[in-house]
Amino acid sequence: MAEGTRSVATRRLGYGITMLVNAAMIVVVNNILEWGWFSWLTNDFELLIPIINLSLMASILVNLAYMVYDAEWFKSMCEIGLLVISITVAVRTFQVFPFDFSAYSWDWEATTKMIIAFAIIGMSIALIVNAVKLIVILVRTAQTHQPSH
(Lines give C-alpha, C1' and ligand atoms only; values in the text may rest on other atoms or scores of the structure.)
Protein backbone atom coordinates (compact mmCIF):
# COMPACT_ATOMS: atom_id res chain seq x y z
CA MET A 1 0.00 0.00 0.00
CA ALA A 2 1.41 3.38 -0.97
CA GLU A 3 2.30 5.87 1.76
CA GLY A 4 -0.35 8.34 0.59
CA THR A 5 -3.15 5.77 0.75
CA ARG A 6 -2.65 4.85 4.40
CA SER A 7 -4.67 6.93 6.83
CA VAL A 8 -3.04 9.49 9.07
CA ALA A 9 -4.16 7.45 12.10
CA THR A 10 -2.55 4.29 10.74
CA ARG A 11 0.71 6.09 10.00
CA ARG A 12 0.73 7.69 13.45
CA LEU A 13 0.14 4.30 15.07
CA GLY A 14 3.16 2.98 13.17
CA TYR A 15 5.28 5.93 14.30
CA GLY A 16 4.18 5.36 17.90
CA ILE A 17 5.00 1.66 17.78
CA THR A 18 8.41 2.46 16.29
CA MET A 19 9.10 4.90 19.15
CA LEU A 20 8.13 2.27 21.75
CA VAL A 21 10.35 -0.38 20.13
CA ASN A 22 13.28 2.05 20.04
CA ALA A 23 12.72 3.00 23.70
CA ALA A 24 12.74 -0.70 24.61
CA MET A 25 15.93 -1.15 22.59
CA ILE A 26 17.59 1.64 24.58
CA VAL A 27 16.87 -0.31 27.77
CA VAL A 28 18.26 -3.51 26.22
CA VAL A 29 21.40 -1.85 24.80
CA ASN A 30 22.21 -0.22 28.14
CA ASN A 31 21.75 -3.45 30.14
CA ILE A 32 22.65 -6.29 27.81
CA LEU A 33 26.18 -6.79 29.16
CA GLU A 34 24.90 -6.81 32.73
CA TRP A 35 22.17 -9.28 31.83
CA GLY A 36 24.75 -11.58 30.20
CA TRP A 37 22.37 -12.71 27.47
CA PHE A 38 25.06 -13.30 24.85
CA SER A 39 28.30 -14.95 25.90
CA TRP A 40 29.94 -13.85 22.64
CA LEU A 41 29.37 -10.14 23.33
CA THR A 42 32.52 -8.60 24.85
CA ASN A 43 32.90 -5.65 27.21
CA ASP A 44 34.04 -3.60 24.18
CA PHE A 45 30.33 -3.29 23.44
CA GLU A 46 30.36 -0.50 26.05
CA LEU A 47 32.29 1.60 23.51
CA LEU A 48 29.30 1.41 21.16
CA ILE A 49 26.55 2.20 23.67
CA PRO A 50 26.69 6.02 23.29
CA ILE A 51 26.46 5.94 19.49
CA ILE A 52 23.75 3.25 19.53
CA ASN A 53 21.78 5.36 22.03
CA LEU A 54 22.21 8.38 19.73
CA SER A 55 20.85 6.37 16.82
CA LEU A 56 17.85 5.09 18.76
CA MET A 57 17.07 8.54 20.22
CA ALA A 58 17.33 10.10 16.75
CA SER A 59 14.82 7.55 15.48
CA ILE A 60 12.46 8.30 18.35
CA LEU A 61 12.69 12.05 17.71
CA VAL A 62 12.18 11.64 13.95
CA ASN A 63 9.13 9.43 14.49
CA LEU A 64 7.77 11.96 16.97
CA ALA A 65 8.22 14.63 14.30
CA TYR A 66 6.44 12.38 11.77
CA MET A 67 3.43 12.23 14.09
CA VAL A 68 3.07 15.98 13.60
CA TYR A 69 4.30 16.35 10.03
CA ASP A 70 5.00 13.51 7.62
CA ALA A 71 5.26 15.14 4.22
CA GLU A 72 7.14 13.04 1.68
CA TRP A 73 10.07 15.48 1.33
CA PHE A 74 10.40 15.78 5.12
CA LYS A 75 10.47 12.02 5.56
CA SER A 76 13.13 11.62 2.85
CA MET A 77 15.26 14.30 4.48
CA CYS A 78 14.92 12.68 7.90
CA GLU A 79 15.67 9.22 6.49
CA ILE A 80 18.91 10.60 5.04
CA GLY A 81 19.93 11.81 8.50
CA LEU A 82 18.98 8.51 10.15
CA LEU A 83 20.88 6.55 7.51
CA VAL A 84 24.02 8.63 8.06
CA ILE A 85 23.80 7.85 11.78
CA SER A 86 23.10 4.16 11.12
CA ILE A 87 26.03 3.84 8.72
CA THR A 88 28.24 5.46 11.35
CA VAL A 89 27.04 2.93 13.96
CA ALA A 90 27.70 0.03 11.59
CA VAL A 91 31.18 1.29 10.67
CA ARG A 92 32.02 1.82 14.34
CA THR A 93 30.70 -1.67 15.16
CA PHE A 94 32.96 -3.09 12.44
CA GLN A 95 35.93 -1.18 13.90
CA VAL A 96 35.30 -2.09 17.54
CA PHE A 97 33.97 -5.58 16.74
CA PRO A 98 32.75 -6.39 20.27
CA PHE A 99 32.27 -10.08 19.55
CA ASP A 100 34.21 -13.17 20.61
CA PHE A 101 33.22 -16.27 18.69
CA SER A 102 36.28 -18.34 19.68
CA ALA A 103 34.06 -20.92 21.44
CA TYR A 104 32.40 -21.87 18.14
CA SER A 105 33.74 -24.12 15.39
CA TRP A 106 32.11 -22.04 12.62
CA ASP A 107 33.97 -18.88 11.57
CA TRP A 108 31.33 -16.49 12.91
CA GLU A 109 33.81 -13.61 12.93
CA ALA A 110 34.13 -13.62 9.13
CA THR A 111 30.38 -14.16 8.74
CA THR A 112 29.54 -11.30 11.11
CA LYS A 113 32.00 -8.95 9.44
CA MET A 114 30.48 -9.82 6.06
CA ILE A 115 26.95 -9.15 7.38
CA ILE A 116 28.04 -5.77 8.77
CA ALA A 117 29.75 -4.90 5.46
CA PHE A 118 26.60 -5.83 3.49
CA ALA A 119 24.51 -3.74 5.91
CA ILE A 120 26.80 -0.75 5.31
CA ILE A 121 26.51 -1.23 1.54
CA GLY A 122 22.70 -1.58 1.76
CA MET A 123 22.34 1.51 3.91
CA SER A 124 24.64 3.45 1.57
CA ILE A 125 22.42 2.50 -1.37
CA ALA A 126 19.34 3.53 0.64
CA LEU A 127 21.06 6.85 1.40
CA ILE A 128 21.62 7.49 -2.32
CA VAL A 129 18.04 6.45 -3.15
CA ASN A 130 16.63 8.81 -0.50
CA ALA A 131 18.86 11.67 -1.68
CA VAL A 132 17.65 11.19 -5.27
CA LYS A 133 14.06 10.89 -4.05
CA LEU A 134 14.41 14.14 -2.10
CA ILE A 135 15.87 15.93 -5.12
CA VAL A 136 13.05 14.67 -7.35
CA ILE A 137 10.43 15.79 -4.81
CA LEU A 138 12.01 19.24 -4.49
CA VAL A 139 12.35 19.69 -8.25
CA ARG A 140 8.77 18.53 -8.83
CA THR A 141 7.53 20.89 -6.11
CA ALA A 142 9.51 23.80 -7.57
CA GLN A 143 8.09 23.11 -11.04
CA THR A 144 4.50 23.02 -9.81
CA HIS A 145 4.94 26.28 -7.90
CA GLN A 146 6.57 28.29 -10.70
CA PRO A 147 4.72 31.47 -11.59
CA SER A 148 3.17 31.56 -15.08
CA HIS A 149 4.76 33.84 -17.67
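Points to keep in mind about this one:
- Region 1-58: chymotrypsin sites (Phe, Trp or Tyr not before Pro) in DSSP coil with no more than 16 other Cβ atoms inside 10 Å: Trp37, Phe38, Trp40
- Selection of chymotrypsin sites (Phe, Trp or Tyr not before Pro), region 51-147, meeting DSSP coil and at most 12 other Cβ within 10 Å: Tyr69, Tyr104, Trp106
- Projecting the Cα atoms of Ala126, Ile137, Trp40 onto the charge dipole of region 40-149 (Cβ charges, centred on the Cα centre) puts Ile137 farthest toward the positive pole.
- Surface per residue (accessible, 1.4 Å probe) for the chain, Å²: 65
- Ordered by solvent-accessible area of protein heavy atoms (1.4 Å probe), largest first, the residues Lys75, Lys133 come out as Lys133, Lys75.
- The fraction of accessible area contributed by carbon and sulfur in the chain is 69 percent, rounded to a whole number (1.4 Å probe; ligands and nucleic acids excluded).
- Treating each Cα of region 77-149 as an identical point scatterer and summing with the Debye formula, the log10 of I(q)/I(0) at q = 0.21, 0.22, 0.24, 0.26 Å⁻¹ comes to -0.89, -0.93, -1.01, -1.09.
- Inter-part distance, region 104-149 to region 1-73, computed on C-alpha centroids, equals 18 Å.
- Computed log₁₀ I(q)/I(0) - Debye formula, equal Cα scatterers, no solvent, the chain, q 0.09 Å⁻¹: -0.40
The values are calculated or read from the model by the stated rules, or taken from the named source; none is laboratory data. Quantities reported herein were computed from a predicted structural model and do not represent experimental measurements. FYI the Cβ positions are ideal-geometry reconstructions off the backbone, even for glycines, and counts take in every protein chain you see. With ligands, DNA and RNA removed, areas are computed over all heavy atoms of the protein, side chains included. Shrake-Rupley method; radii C 1.70, N 1.55, O 1.52, S 1.80 Å.
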